[in-house]
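The values are calculated or read from the model by the stated rules, or taken from the named source; none is laboratory data. Worth saying up front: this structure is predicted, and the values here are computed from it rather than measured. Quick reminder, even Gly has a Cβ in these numbers, built from the backbone with ideal geometry, and neighbours come from all protein chains shown. The accessibility values were calculated without ligands, DNA or RNA, using every heavy atom of the protein model including side chains. Shrake-Rupley method; radii C 1.70, N 1.55, O 1.52, S 1.80 Å.
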Amino acid sequence: MAELAGLEDPKVREVNERHGDDHGVNLGKLRALAKRLKTQQELAHRLWETDDTAAKLLATLICRPKAFERDELDAMLRTARTPKVHDWLVNYVVKKSPHSEELRQAWFADPDPVVASAGWALTTERVAKKPEGLDLAGLLDVIEADMKDAPDRLQWAMNHCLAQIGIDHPEHRTRAIDIGERLQVLKDYPTSPGCTSPFAPVWISEMVRRRHAEPTA
């Protein structure tokens, strides 16, 4: 904890706090610290229990994802607090857990929109990597009905799922683009030069264009 405190940078904190993340540690330095510590499950538990954001981020990097019980991961998600901790927990820990599919289904239907956003993130992962058994048309129905008025983090996760369906599944592409065009979600989101807009019709079209432009082996 003392080492993390020593890495605190007020300018980094100022930028992070604009995104709801209350820490000031440069993520490159945090990853370097994690690389030095290597996997330490007990230390990861203790860091998580501090409820300090930088410590929780470090915990997700040095833990052993498959060692957590299902209910443990559920409780961790509900105490993640900040967007970055939530994101890293889902991507670096839950996705590698044997409980990920069970948690995906449970979180997807959760009344808490932040918890539900984790369910949508795991669903997007399946859309891209393991779509067998998913009702893609049904997912588009839910997105069409609910995304426009969803709270920010849930809306973002649903929009990512919409784009992923359009990118990876040509048979649903026209409908996915049409839903995006009609709902106009994230159409005016500020996008840095060289980055792809999160507006689903633009995102889908650009990723499909890139894939077609890639030379085949």
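Worth a mention:
- Filter result (polar (S, T, N, Q) and in contact (Cβ under 8 Å) with a residue 24 or more places away in the chain) within the range 101-138: S117, T123, T124
- Candidate set from the range 16-54 (those that are among the aliphatic types (A, V, I, L, M) and in contact with an Asp or Glu (Cβ under 9 Å, 6 or more places away or on another chain)); member that is modelled with the lowest pLDDT: V25
- Which listed residue is at pLDDT 95 or above and loosely packed, with under 15 Cβ neighbours inside 10 Å, from P113, P65, P98: P98
- Yes/no for A137 being small (G, A, S) and under 19 Å from the mean Cα position of the chain (by Cα): no
- Candidate set from the range 1-30 (those that are part of a helix (DSSP H, G or I) and in contact with a strand residue (DSSP E or B) (Cβ under 7 Å, 6 or more places away or on another chain)); member that is most open to solvent (accessible area, probe 1.4 Å): V12
- Selection from the range 117-139 of residues that are farther than 23 Å from K84 by Cβ and either among the aromatic types (F, W, Y) or not in a helix (DSSP H, G or I) (or both): K130, P131, E132, G133, L134, D135
Residue by residue, here is whether (1) surrounded by 22 or more Cβ atoms within 10 Å (Cβ to Cβ); (2) without any contact (Cβ under 8 Å) to a residue 40 or more places away in the chain; (3) outside any loop (DSSP other than H, G, I, E, B); (4) not basic (K, R) holds:
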{"position": "A32", "(1), (2), (3), (4)": "no, yes, yes, yes"}
{"position": "K35", "(1), (2), (3), (4)": "no, yes, yes, no"}
{"position": "T39", "(1), (2), (3), (4)": "no, yes, no, yes"}
{"position": "E42", "(1), (2), (3), (4)": "no, yes, yes, yes"}
{"position": "K84", "(1), (2), (3), (4)": "no, no, yes, no"}
{"position": "D87", "(1), (2), (3), (4)": "no, yes, yes, yes"}
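- Flag for T79 being of a type in the set (V, I, T), open to solvent by 10 Å² or more (accessible area, probe 1.4 Å) and over 17 Å from V114 (Cβ atoms): no
- A count restricted to the range 113-161 and to residues that are small (G, A, S) and closer than 21 Å to R182 by Cβ stands at 5.
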